[in-house]
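Beneath this line is the structure, given in structure tokens, with notes to follow.
Derivation of every value follows stated rules applied to the coordinates shown; laboratory data play no part. Here the structure is a predicted model, which means the values were calculated and not measured. We place every Cβ from the backbone using ideal geometry, glycine too, and count neighbours over all the protein chains shown.
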Amino acid sequence: MESVATSWVRGRPLGVGAHAAVHLAVESSTGHVFAVKSVGLTSSPLASLRALENEVQILKSLSSPYVVSYLGDDTAGGRRNLHLEFMPGGTAADAAMGDEPRVRAYAQCVALALRYLHDVAGVVHCDVKGRNVLLSGGGRGPAAKLADFGVAVRVGAASGGCARGGTPLWMAPEVARGERPTPAADVWSLGCTVIEMATGGAPPWPNLGGEDAIGAMLRIGYGEGTPELPAKLSEIGRDFVARCLRRDARDRWTAEQLLSHPFLAKQSKETEPSPRGVLEWTKNNDGDEEGDTGEEFECISHDQEEHSDATIAGAREIMRELAWEGRRLDWWRSEGWQLARGTEAEEEENKEQSCSVSCFCHCCQSYCWRCFASGLILGLYHLWSRLFMKINRIPHLSKFKQA
């Protein structure tokens, strides 16, 4: 049994679900922040413990940038704990954005997660909804990740775990009828989640909100209708949702097909943070100086981007520019840099490097007086050696020297 930390402190609550409570947590020795999902060993129903154990086993086998990461698990203080990646942006349901660019971005992230789960991992999530879509809150990587695998099942599993789990208003008709879950059930739930996000957090069946769970499942499972398409969505968005919400599971698009739908494929590039390297700097400067307005969003993982030959050629030009001796890059004198953690010796070394300098050393890849002085002495030595050799080659001067 793995554990992300041998000693950690539980922090403020992040949320409470049907089976467990989630808190912020900090590792005592490193200060690493993560989320911990806990179930009481004696105070919680057996179904809650089973759901957490199921989630532990499922998450251990998954590895996708669009699925919240498993960090470890332990049993302490009378609780069974699951350590998870912390997503500081909250949930798609809490965001209640309502604007289509964000809806498209988050829907694309979920579709990418489902493609991985269905086609690679062989898993049906069984509870796709806005509260299980966690947001990154900015930065690099995907804008959203799929979480909460408590009722997830393996594709083709004999047990129909999803028929007894999930959230009724997001359930596919066949699941509401008690049939074995398939990947198509997650696609239906994705359509319901897009409706939820597009309407600012409203449930996909607002007319069934007052009914109990059994009544809602009967209406969804044996009725003829589908959730109403939001008027706020564009025609392309409505078509996307309609392809998710086909009552016959065989007629629904797969996650792979949905990723090629114009609603997801027609993504505008999100404004990117500062580049991490020369390649990204070159890519960011290919366009206009004005850049993006920041009104469009995209679910992308920058680490997976490929660079064309033109980009690499541009990067080489940037590297030559950075290596030019006439361009002074005084990193250490910038007021924005501070030593976050280090020994006294490291601090003294940084103070020495922060002095005003005027020569870039290609050996040290920095500006250094000592390297400059050494280079100057070496250069004078070579200059004198050449001069001495030339003197010896001139006949009358060499005779004068011998005399």
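Can you tell me how many residues within segment 235-253 are surrounded by fewer than 15 Cβ atoms within 10 Å (Cβ to Cβ) and touching a residue at least 60 places away in the same chain (Cβ under 8 Å)?
Adding up the residues that qualify gives 1.
Out of the residues in segment 212-234 that are assigned to a loop (DSSP other than H, G, I, E, B) and of a type in the set (A, V, I, L, M, F, W, C), state the one that is surrounded by the most Cβ atoms within 10 Å (Cβ to Cβ).
Leu233
Of the residues that make up segment 170-193, is at least one within 24 Å of Ala152 (Cα to Cα), buried (at least 23 other Cβ atoms within 10 Å of the Cβ) and either without any contact (Cβ under 8 Å) to a residue 40 or more places away in the chain or polar (S, T, N, Q) (or both)?
Yes, there is a match, as at least one residue in segment 170-193 is within 24 Å of Ala152 (Cα to Cα), buried (at least 23 other Cβ atoms within 10 Å of the Cβ) and either without any contact (Cβ under 8 Å) to a residue 40 or more places away in the chain or polar (S, T, N, Q) (or both).
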